[in-house]
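Let me begin by presenting the structure, written as structure tokens, before commenting on it.
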Amino acid sequence: MLAKVTSGALIGIDAYPVEVEVDIAQGLPQFSTVGLPEGAVRESKDRVKSAIKNSGYDFPARRITINLAPADIRKDGAAFDLPIAVGLLSATGIVNADQLKRYILLGELSLDGRVKPVRGILPIAVSARDWGDYALILPEENAEEGAIVAGSDVYAVRDLGEAIALINGETKPEPYQVNTVLTEPQSTGDHDDLAEVRGQEHVKRALEVAAAGAHNILMIGPPGSGKTMLARRLPTILPDFSFEEALETTKIHSVAGLLSRHNALVRRRPFRSPHHTISDAGLIGGGTYPRPGEVSLAHRGILFLDEFPEFKKNVLEMLRQPLEDGQVSISRAALSLTYPANFMLVAAMNPCKCGFLGDFNNLCTCTPHDIQRYRQRLSGPLLDRIDLQIEVPRVPHKDLTDSVEGESSATIRVRVEAARTIQRERLTPYGLHANSAMAARHIRKFCPLDEAGQKLLEMVVDKLGVSARSYSRILKVARTIADLAGEENIRQPHLAEAIQYRGLDRKLG
């Protein structure tokens, strides 16, 4: 007796169909699973056996073989429990085999037959639209996540008995309907506001430029100067999250298992702030069974690294590829995965080990050797990839007590969105979304300088000895500043402002 059930599995953030083949033959009772199953898949036989018995069905005491095709790709996770159980019951005639062909099944089984949630439902639901005319049978907790994607009916089941009754046509529930409010991404500016930050107007301007062009930014200042407060308010001036961006980001969070039943769509731009003790696998991704790291979880949002030099040097150097390419490639002997990692890097650091270098209110206790060693934790190539480097001095008392509020995040966001609109119109034909993503050929086309600008930039290159990468970053930032001003061409004031944001290259070199 042979039965076949359609399910799905993940490779990175993409999915592929898996055909669960169940064969029940004469012979001594045996349960074997083939098709490169990993630990959780091999253990499913015990969960499936108990779930079938405790749901009131007879478990066949025969020789059972489960094949997960394609058999040359490694499979992990507990999502095959439900299709294996239904396949066994189909092979014994309890489940209608013809009706079963219409469904894709996913879910972990509890020993009492309850269907428990699994990770990675959204990528499978997205890919299932290309596999054929299927409906999805999912755990109740995953139904909203699967129903976000239009194109396939989604049915929520709480236990094995409900799944069998649905397939056999004994019950006719309506497909799960997602709450339309959940598909409307929320504005990033609903809570914190830049108006709450006293003083630091030049830093707010730098954050506006960074947000307008999706540029990376490094803030350097003593403890208590407001670096973290400013960084946490940067999402409030970013453009609103589109549904397509939210769906792309949610796929990554779904693969990582970070979605809850009531949070089936990531509706705000991510803000990830890992501790400086994080490992390279935690930041970039990886592990025995590769999972997305913080750089991928920050996709389309912000990765905030506080105490920047305190991170391990090998971890920081691994940021080079995602900062340059917008993705992370993880290679193993058996497979190679690519996770998207298109994020804004926002970093904060002290000017020295004690934190008080250049602070008029506190005496720096670091020796010149200590300062040099502290700064050399950040390599030149890494700093080259940070577009804006800004000093954040201590806020004077008069600014702290000033009752006049600065510009609100909503006001700044209007200008940022206007600049992003200009960039989209210019760069969309090239598959780009912001100025920070421009390559050399785009810079030559969209960042021409007049004679005054060329002379100014030539002087800076000769005097400061900036690298070719820093030269390109200056032009990208100048292009963003011109877009904020609504100017078609880069003028000398735009270039001068962009150059001042690179003034720390020499100090930190």
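Say we look at segment 41-87 and pick out the residues that are within 17 Å of residue 289 (Cα to Cα) and among the basic types (Lys, Arg); which of these is surrounded by the fewest Cβ atoms within 10 Å (Cβ to Cβ)?
42
Please determine whether any residue of segment 459-470 is open to solvent by 60 Å² or more (accessible area, probe 1.4 Å), within 29 Å of the chain's Cα centre (by Cα) and within 25 Å of residue 349 (Cα to Cα).
yes
Conditions first: (1) surrounded by fewer than 16 Cβ atoms within 10 Å (Cβ to Cβ); (2) out of contact with any Phe, Trp or Tyr (no Cβ under 9 Å at 6 or more places or on another chain). Residue 363 passes all but one, so which condition is the exception?
The single condition residue 363 does not satisfy is (2).
Quick check, is residue 298 buried (at least 23 other Cβ atoms within 10 Å of the Cβ), over 26 Å from residue 353 (Cβ atoms) and over 12 Å from the mean Cα position of the chain (by Cα)? Can you show your working first?
Values: buried (at least 23 other Cβ atoms within 10 Å of the Cβ): yes; over 26 Å from residue 353 (Cβ atoms): yes; over 12 Å from the mean Cα position of the chain (by Cα): no.
Criteria not met by residue 298.
Can you list residue pairs whose Cβ atoms sit under 6 Å apart, with the first residue in segment 69-85 being closer than 12 Å to residue 138 by Cα and the second being open to solvent by 20 Å² or more (accessible area, probe 1.4 Å) and assigned to a loop (DSSP other than H, G, I, E, B)? Count only pairs 6 or more apart in sequence or on different chains.
Filtered contacts from segment 69-85: 79/118.
Does any residue in segment 402-415 that is small (Gly, Ala, Ser) come within less than 6 Å, Cβ to Cβ, of a residue that is surrounded by 13 or more Cβ atoms within 10 Å (Cβ to Cβ) and not in a loop (DSSP other than H, G, I, E, B) six or more places away or on a different chain, and which pairs are these?
Correct list of pairs: 406/195; 408/195; 409/194; 409/236; 409/237.
Looking at (1) hydrophobic (A, V, I, L, M, F, W, C); (2) surrounded by fewer than 16 Cβ atoms within 10 Å (Cβ to Cβ); (3) touching a strand residue (DSSP E or B) at 6+ places or on another chain (Cβ under 9 Å); (4) more than 27 Å from residue 292 (Cβ to Cβ), which is the only condition residue 392 fails?
Condition (2) is where residue 392 drops out.
Among the residues of segment 405-414, is there at least one that is modelled with pLDDT under 95 and over 30 Å from the mean Cα position of the chain (by Cα)?
Yes, because at least one residue in segment 405-414 is modelled with pLDDT under 95 and over 30 Å from the mean Cα position of the chain (by Cα).
So the check is Cβ under 6 Å with 6+ separation or different chains; which pairs have a first residue in segment 146-166 that's under 18 Å from residue 87 (Cα atoms) and a second one that's among the hydroxyl-bearing types (Ser, Thr, Tyr)?
So the pair list comes out as 160/55; 161/55; 165/171; 166/155.
Run down 303, 323 and say which single residue is within 24 Å of residue 209 (Cα to Cα) and either among the hydroxyl-bearing types (Ser, Thr, Tyr) or assigned to a strand (DSSP E or B) (or both). Explain how you work it out, then say what you get.
Details: 323 fails: either among the hydroxyl-bearing types (Ser, Thr, Tyr) or assigned to a strand (DSSP E or B) (or both).
Checking each option against the conditions leaves just 303.
Quick one: is residue 483 touching a residue at least 40 places away in the same chain (Cβ under 8 Å), surrounded by fewer than 17 Cβ atoms within 10 Å (Cβ to Cβ) and farther than 19 Å from residue 383 by Cα?
On the way: touching a residue at least 40 places away in the same chain (Cβ under 8 Å): yes; surrounded by fewer than 17 Cβ atoms within 10 Å (Cβ to Cβ): no; farther than 19 Å from residue 383 by Cα: yes.
Judged against the criteria, residue 483 is not a match.
Failed condition for residue 307, given (1) open to solvent by 20 Å² or more (accessible area, probe 1.4 Å); (2) at pLDDT 90 or above; (3) on the phi < 0 side of the Ramachandran plot, with all others met?
Checking residue 307 against (1) open to solvent by 20 Å² or more (accessible area, probe 1.4 Å); (2) at pLDDT 90 or above; (3) on the phi < 0 side of the Ramachandran plot, the one that fails is (3).
Residues checked against (1) aromatic (Phe, Trp, Tyr); (2) crowded, with 19+ Cβ neighbours inside 10 Å; (3) within 24 Å of residue 389 (Cβ to Cβ); (4) at pLDDT below 95:
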position: 192; (1), (2), (3), (4): no, no, yes, yes
position: 205; (1), (2), (3), (4): no, no, yes, no
position: 219; (1), (2), (3), (4): no, yes, yes, no
position: 230; (1), (2), (3), (4): no, yes, yes, no
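Against the condition at pLDDT below 95, touching a Pro at 6+ places or on another chain (Cβ under 7 Å) and surrounded by fewer than 17 Cβ atoms within 10 Å (Cβ to Cβ), how does residue 269 come out, does it pass? Before you say what the answer is, go through the steps one by one.
Details: at pLDDT below 95: yes; touching a Pro at 6+ places or on another chain (Cβ under 7 Å): yes; surrounded by fewer than 17 Cβ atoms within 10 Å (Cβ to Cβ): no.
Against the criterion (at pLDDT below 95, touching a Pro at 6+ places or on another chain (Cβ under 7 Å) and surrounded by fewer than 17 Cβ atoms within 10 Å (Cβ to Cβ)), residue 269 does not qualify.
Go through segment 373-410 and give me each residue that's touching a Leu at 6+ places or on another chain (Cβ under 6 Å) and of a type in the set (S, T, N, Q).
389, 409
When you go through 432, 495, 475 one by one, which is the residue that is closer than 21 Å to residue 415 by Cα, outside any helix (DSSP H, G or I) and not basic (Lys, Arg)? Outline the logic, then answer.
Working: 495 fails: outside any helix (DSSP H, G or I); 475 fails: outside any helix (DSSP H, G or I).
On inspection, the qualifying residue turns out to be 432.
Scanning segment 11-40 for residues that are of a type in the set (D, E, K, R) and open to solvent by less than 80 Å² (accessible area, probe 1.4 Å), which turns out nearest to the chain's Cα centre (by Cα)?
We begin by selecting, within segment 11-40, every residue of a type in the set (D, E, K, R); these are 14, 19, 21, 23, 38.
Subset that is open to solvent by less than 80 Å² (accessible area, probe 1.4 Å): 19, 21, 23, 38.
Values: 19: 29, 21: 34, 23: 40, 38: 26 Å.
The selected residue is 38.
How about segment 357-397: which of its residues are assigned to a helix (DSSP H, G or I), closer than 25 Å to residue 477 by Cα and not acidic (Asp, Glu)? Quick ask: steps written out before the conclusion?
Of the residues in segment 357-397, the ones assigned to a helix (DSSP H, G or I) are 368-375, 380-384, 397.
Among the residues that remain, those that are also closer than 25 Å to residue 477 by Cα are: 375, 380-384.
Answer for segment 357-397, where residues must be assigned to a helix (DSSP H, G or I), closer than 25 Å to residue 477 by Cα and not acidic (Asp, Glu): 375, 380, 381, 382, 383.
Got a number for residues in segment 274-295 being β-branched (Val, Ile, Thr), crowded, with 16+ Cβ neighbours inside 10 Å and more than 13 Å from the chain's Cα centre (by Cα)?
Quick first cut of segment 274-295, residues β-branched (Val, Ile, Thr) only: 277-278, 284, 288, 295.
Imposing the further condition that a residue be crowded, with 16+ Cβ neighbours inside 10 Å reduces the set to 278, 284, 295.
Add one more test, that the residue is more than 13 Å from the chain's Cα centre (by Cα), and what stays is 278.
Total meeting the criteria: 1.
Please determine, by comparing only the residues of segment 425-444 that are of a type in the set (A, V, I, L, M, F, W, C) and without any contact (Cβ under 8 Å) to a residue 40 or more places away in the chain, which one is farthest from residue 321 (Cα to Cα).
Quick first cut of segment 425-444, residues of a type in the set (A, V, I, L, M, F, W, C) only: 427, 432, 434, 437-440, 443.
Among the residues that remain, those that are also without any contact (Cβ under 8 Å) to a residue 40 or more places away in the chain are: 427, 432, 439-440, 443.
Values: 427: 22, 432: 18, 439: 15, 440: 17, 443: 20 Å.
Applying the filter and picking the extreme gives 427.
Is it the case that residue 135 is at pLDDT below 95, among the small types (Gly, Ala, Ser) and in contact with a strand residue (DSSP E or B) (Cβ under 7 Å, 6 or more places away or on another chain)? Even if it seems obvious, please write down each step before you answer.
Working: at pLDDT below 95: no; among the small types (Gly, Ala, Ser): yes; in contact with a strand residue (DSSP E or B) (Cβ under 7 Å, 6 or more places away or on another chain): yes.
Taking the combined requirement at face value, the residue does not satisfy it.
The values are calculated or read from the model by the stated rules, or taken from the named source; none is laboratory data. What you are looking at is a predicted structure, and each value in this text was computed from that prediction instead of being measured. Note: ideal-geometry Cβ built from the backbone for every residue, glycine included; neighbour counts use all protein chains shown. These accessible areas exclude ligands, DNA and RNA; they are computed on the full protein's heavy atoms, side chains included. Shrake-Rupley method; radii C 1.70, N 1.55, O 1.52, S 1.80 Å.
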